[in-house]
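These notes are about the structure you will find just below.
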Amino acid sequence: MQTYDTIVIGNGITGAAISYELAKTGQSVLLMDDGNPHSGTRYSYGGIGYWAGTTDLTETLFRAGIARHRELSDELGADTQLRELDLLLTVEKGADIDALKAGYESFRTPPKFVPTQTACELEPQLNPDSIDGAFVTPHAHVDPMSVVAAYNQAFRRLGGHHNISAVTGLVRIGNKVTGITTESQAYPAKTVIVAAGAYSQQLLQSANIQVPLYFTHAEIVETESLDFDVRTFVMPATNARIVIENKATDFSEWQQPNHQVMPPVLEAGIIQFKDKTARIGQISRFHTAYTHPEDPTISEAKMREAMEQKIPKLTNVIGIWRHCLVTFTQDGLPLLGAVPNVENLHLFSGFTGPFALVPPVAQRYAEYMTHSLDKCSSDNLLEQMFIDRFPVLEKRSNL
């Protein structure tokens with residue numbers, strides 16, 4: 001049986017990107033894909049917030065991200081449906097505009113505030129009576145599954161092996177991981193990369209490994225093709241989800257089964273795709289269960305009501321409630337790198353804003369792993385995202 005240079009677990013945007021980039025360096029790579037149709041990538045908005053850098057690191061990564069996206073379709077030989085459009089961050093009635101302006105000053109390229117009339121000129125579908133203006137900034141968007149499919153096709157052309165099977169566990173001998181198992185067989189590898197999004201934690205726990213990785217239940221409504229156009233990417237100016245993520249990282253709470261860590265938040269947003277379908281939402285729930293903990297009909301009604309007030313033409317559009325899990329970390333940066341004290345095991349997960357970050361980070365990380373990137377220069381960027389920046393990482397035998 002072949003021993004692969006690397007096995008990558010997970011075929012969302014993270015697994016698809018890193019498997020392709022490793023194959024491009026000449027490695028033998030096996031991509032394990034559980035075929036889950038309800039992944040975080042599948043129901044993502046697909047936004048690329050390349051304007052949103054707040055530090056030297058994130059500004060560098062976001063700029064590299066949009067540059068990478070602009071070349072991906074040609075490189076991969078398939079259309080990722082990249083387009084650049086305005087992001088409208090709508091200000092709710094009665095909101096403190098000065099406080100919002102001050103909050104956006106932390107970004108290296110702050111969005112510009114515009115009055116309601118200008119916002120409605122940019123997005124004619126907006127209800128002017130529902131907002132007190134908006135913040136505007138250039139943004140970009142891709143179709144999430146077109147990106148994954150493009151990576152997968154290019155990966156297979158390079159000789160990569162794509163296996164549609166769920167991984168049941170890691171093969172661990174002492175402190176060394178030597179491969180993975182499925183229900184039907186085991187696959188050996190020199191290195192295993194876990195890129196399974198929210199399920200990364202679950203898989204690592206099966207091998208008595210604990211990492212500070214968290215997740216939200218993200219809910220959206222996926223519509224059929226609309227008979228009108230939404231020109232912009234509309235989101236609320238108050239990003240309550242990010243604020244709560246920064247507070248929802250008490251590790252002891254995440255060890256409690258079926259437990260609500262923090263109250264849910266609703267962010268009334270919409271993005272329309274090139275095929276004229278749209279995704280509206282979203283509700284984020286901070287809950288430790290892997291299955292959805294609430295009544296979907298109530299969630300759907302809340303999202304529809306919020307968006308119908310903002311865009312009246314959405315009233316009674318045909319759509320389906322969707323749910324997935326989305327990872328985050330306690331400092332907003334992903335968890336990359338070799339898992340401390342466990343040989344041959346790497347993690348590539350926890351990306352907030354994955355479509356902006358994953359393509360450039362995957363490219364650089366693959367070069368780092370295969371020693372084709374000068375280690376000194378790579379450390380300046382990558383080491384800030386390595387797992388070992390968190391001293392809380394530990395192994396537990398009673399998980």
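The values are calculated or read from the model by the stated rules, or taken from the named source; none is laboratory data. Remember, it's a predicted structure, so these values are computed and weren't measured experimentally. Virtual Cβ from ideal backbone geometry, glycine too; neighbours counted across all protein chains shown.
Data table
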{"quantity": "Residues of the stretch 149-167 that turn out to be surrounded by fewer than 22 Cβ atoms within 10 Å (Cβ to Cβ) and either modelled with pLDDT under 95 or among the aliphatic types (A, V, I, L, M) (or both), as a count", "calculated": "5"}
{"quantity": "Matching residues, the stretch 23-79, being assigned to a helix (DSSP H, G or I) and among the aromatic types (F, W, Y)", "calculated": "F62"}
{"quantity": "Failed item in (1) of a type outside the set (D, E, K, R); (2) in a loop (DSSP other than H, G, I, E, B); (3) within 30 Å of K176 (Cβ to Cβ), with L204 passing the rest", "calculated": "(2)"}
{"quantity": "A196 crowded, with 23+ Cβ neighbours inside 10 Å, outside the structural domain of F348 (by TED's automatic domain parsing) and not in a helix (DSSP H, G or I)", "calculated": "no"}
{"quantity": "P391 being within 29 Å of Q205 (Cβ to Cβ) and modelled with pLDDT of 95 or more", "calculated": "no"}
{"quantity": "All positions within the stretch 10-41 that are of a type in the set (V, I, T) and surrounded by fewer than 24 Cβ atoms within 10 Å (Cβ to Cβ)", "calculated": "T25"}
{"quantity": "Selection count, the stretch 118-137, where residues are part of a strand (DSSP E or B) and either outside the structural domain of Q272 (by TED's automatic domain parsing) or over 24 Å from the mean Cα position of the chain (by Cα) (or both)", "calculated": "4"}
{"quantity": "Lone qualifier among E308, E300 - being touching a Leu at 6+ places or on another chain (Cβ under 7 Å) and acidic (D, E)", "calculated": "E308"}
{"quantity": "Close pairs from the stretch 70-95: first free of Cβ contacts under 8 Å to residues at least 40 places away in the same chain, partner assigned to a loop (DSSP other than H, G, I, E, B), Cβ under 8 Å, at least 6 apart", "calculated": "R70/L82"}
{"quantity": "Test result for S165, among the polar types (S, T, N, Q) and either assigned by TED's automatic domain parsing to the domain that holds T14 or touching a His at 6+ places or on another chain (Cβ under 9 Å) (or both)", "calculated": "yes"}
{"quantity": "Filter result for V230 (free of Cβ contacts under 8 Å to residues at least 24 places away in the same chain, closer than 30 Å to Y50 by Cβ and not in a strand (DSSP E or B))", "calculated": "no"}
{"quantity": "Single match in P115, P110 (criterion: surrounded by fewer than 20 Cβ atoms within 10 Å (Cβ to Cβ), more than 14 Å from P138 (Cα to Cα) and not assigned by TED's automatic domain parsing to the domain that holds L381)", "calculated": "P115"}
{"quantity": "Failed condition for S106, given (1) closer than 30 Å to G15 by Cα; (2) at pLDDT below 95", "calculated": "(1)"}
{"quantity": "Residue ID - farthest from E300 (Cα to Cα), chosen from residues in the stretch 241-287 that are surrounded by 15 or more Cβ atoms within 10 Å (Cβ to Cβ) and small (G, A, S)", "calculated": "A248"}
{"quantity": "Total residues in the stretch 174-193, condition in contact with a Pro (Cβ under 9 Å, 6 or more places away or on another chain) and assigned to a loop (DSSP other than H, G, I, E, B)", "calculated": "0"}
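Here's the yes/no breakdown for (1) at pLDDT 95 or above; (2) more than 24 Å from D229 (Cβ to Cβ); (3) of a type outside the set (A, V, I, L, M, F, W, C):
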site	(1), (2), (3)
T277	yes, no, yes
I280	yes, no, no
T297	yes, yes, yes
E308	yes, no, yes
W321	yes, no, no
G332	no, yes, yes
